[in-house]
1. To make sure I understand, if each residue's beta carbon is the centre and we count other beta carbons within 10 Å, what order do Thr391, Thr247, Thr140, Thr14 fall in, fewest to most?
2. Tell me the label-point distance for the pair Lys124, Arg386, using the 7 Å Cα-to-Cβ offset, in nm and rounded to one decimal.
3. Which of the trypsin sites (Lys or Arg not before Pro) found in the stretch 546-609 are loop residues per DSSP with 14 or fewer other Cβ atoms within 10 Å of their Cβ?
4. Run lengths n ≥ 4 of DSSP H only: what is the helix-derived mean residue ellipticity at 222 nm for the chain, with -39500 (n - 2.57) per run over all residues, to the nearest 500?
5. How would you classify the stretch 314-405 from its alpha-carbon gyration tensor, with a ≥ b ≥ c the square roots of the eigenvalues: rounded for a/c under 1.5, else prolate if a/b is greater than b/c, otherwise oblate?
6. According to a simple spin-label model (label point 7 Å from Cα along Cα-to-Cβ), what is the distance in nm between Arg347 and Glu404?
7. Charges on Cβ only, +1 for Lys and Arg, -1 for Asp and Glu, centred on the Cα centroid of the chain; of Ile208, Ala518, Cys152, which one is farthest towards the dipole's positive end?
8. Run down the lysines and flag those whose C-alpha is under 21 Å from the C-alpha of Lys534, throwing out any fewer than 8 positions away in its chain.
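Coordinate-derived values only; no laboratory data. These figures come from a predicted structure and were not determined experimentally. Backbone-built Cβ (ideal geometry, glycine too); neighbour counts: all protein chains shown.
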Amino acid sequence: MTEGSEKKTFYISTPIYYPSSNLHIGHTYCTVMADAMARFKRLQGYDVRLQTGTDEHGLKIAQKAKEKGVTPQEYVDEVVSGIQKLWKTMEISYDDFIRTTEPRHMKRVQEMFRRMDAKGDIYKGKYEGWYCTPCESYWTESQLVNGCCPDCGRPVEWASEDAYFFRLSKYQDRVLDLLENHPDFLQPETRRHEMIEFVKQGLDDLCISRSSFDWGIQVPGDPNSVIYVWLDALTNYVTALGWPDDTELYDKYWPADVHLVGKEIVRFHSVIWPAMLMSLDLPLPKHVLGHGWLLIDGGKMSKSKGNVVDPVFLIDRYGIDALKYFLLREYTFGQDGVFTNEVMLKRMNYDLANDLGNLVSRTVAMIEKYRGGVVPPARGEDETDRDLRETALGAAPAVDAHMEKFSFNLALEDIWVLVRRANKYIDEKMPWALAKDPEKAEELDTCLHNLAESLRIVSILIVPFMHTTSEKMRVQLGLAGQPVRWDDALTFEGVGGGAAVQKGAPLFPRLDIEKELAELEAVKAKTMAEAKAKADAEAVKVELKPEIEIEDFDKLDLRVGTIMKAERHPKADRLLVFQVRVGNEARQVISGVADYYKPEEMVGKKVILVANLKPRKLRGLESKGMLLFADDGKRLSIVTTDAEDGNPVG
């Protein structure tokens, strides 16, 4: 990029994280990748925007807040504060942190809803389907896997409510064309083929509102409905840019260059989000990249299992740059990777302490010892010198090529090719032997110069991955205060003679791997034990009533009924009054479930009724029977069936 020319822009986003609990190293992995790419592009002279944030609405948040006895806003404020603190500790260089509870976002989401509605792409209907609360997703019967959510594997609940729908099916052909004929839009290739097959099966219209809870952005003109999480969440990528009312940033940075997301939400970003943008007549993002998961103990990290890895603990123990290097060096983008303490510690020891740290220490020490701490000029070149110089000059172009493909591990390997070559160069040149022979003074000057020059190039190339280590290296090399520019990594004449080195502490102290492993395993065991203890404490203890005989059960007359009408009891806030059709008969049944269900969401449900329960009056109204509910200790879930009215149950 020539000096004085207008900078090219580069807009990269992470997903906005769901603040139902604290983040673990799996979440950190995605954000570290985005930060490394943002720093790389800035190093190359781009005008970069890195955006992250939190997705704060939805049923799961409302439930978590209720469990803790706080408001949803109070709950998310506390968790989000922890996330922002984590990103500060991780030295994430984001330019904007968008929260979906911010007024700037909420008002723009409502305007998007209005525009999509005005285009005829939104209509009101009734939604019935299987709902996964953790994923905030509806599923059809055929999409379930062993009766559970196909994304997260958790149990689902049957839900029925009035809702607004986005005509996703209208954009099926255009989305399919996008995926089939623009292969760079979604990568890696495996994800693209998965999404092509998904779209080919047919896209159902998308439920984009909820009426069974109120923690969300209100649907314009409908105080009883809130905008469903994916319309709320996905639009953050343009609302944070000010669209549609303040478009200066939008005009500058949109369309996004990269949406970096986990593989579990690729479908939302590569199918639903493009369709929404098509409805709004907005340009599509250039690329969606789906990375793999970090696995531990044979599965995805889970706080409930206690198999999570706390990034703050690792940073406190080993340093931020060591952790970032490991995450970016060890795993192949797009593929799942297995996290183990042993692999992490070996990377830190062998690559960082032995290879890079030792190279810096030896080089600076020899310049101090043999040349009074001043980098000498090069005085000639032999075949070994030339090979080191060519390796150094080839590093930056190789790193550039791999970074364009988000191959962070290969880019770092390219840098370490130079690090290892420089270490080998010391063994080949044996500067300690050259120092003993006055006739070899010029060759020693060249050797020390070339080592300093190689490290100068390394100090530039590692900036996207380990900027603090780069700064420490440049201080020791006598380059503190000098600008760090990508183009300076393309030349082998940057140090020159006369730079004064300054020996410092080891960049990465060598670790006792056996000792570290023992301590980390002890921490892991403690974490898992605490998680188990918490789960046991929260588990509902099943205490059975006295046993009954089959004759006792036969006394119950359980019948299938359909709720035809539901309303609140006029004299009791916690009671709902149901009109239940049982065959040709209508029954009035009263249940104390108003804290868990709204009357309108109960209408139409096929339920199980204890039909021969002796009638009784509840606050002045007669109840003839009892509806069956399941109680998990936190909420009541009504027992439903698909059998015909009046049929006996048993």
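1. Ranked by crowding around the Cβ, least crowded first: Thr140, Thr247, Thr391, Thr14.
2. Here the answer is 8.1 nm between the modelled labels.
3. Passing both the DSSP loop test and the Cβ count: Lys555, Lys571.
4. -12500 deg cm²/dmol
5. It comes out oblate by the Cα gyration axes.
6. For Glu404 paired with Arg347, the spin-label model returns 2.6 nm.
7. Ile208
8. Filter leaves Lys60, Lys64, Lys66, Lys68, Lys300, Lys303, Lys305, Lys524, Lys526, Lys634.
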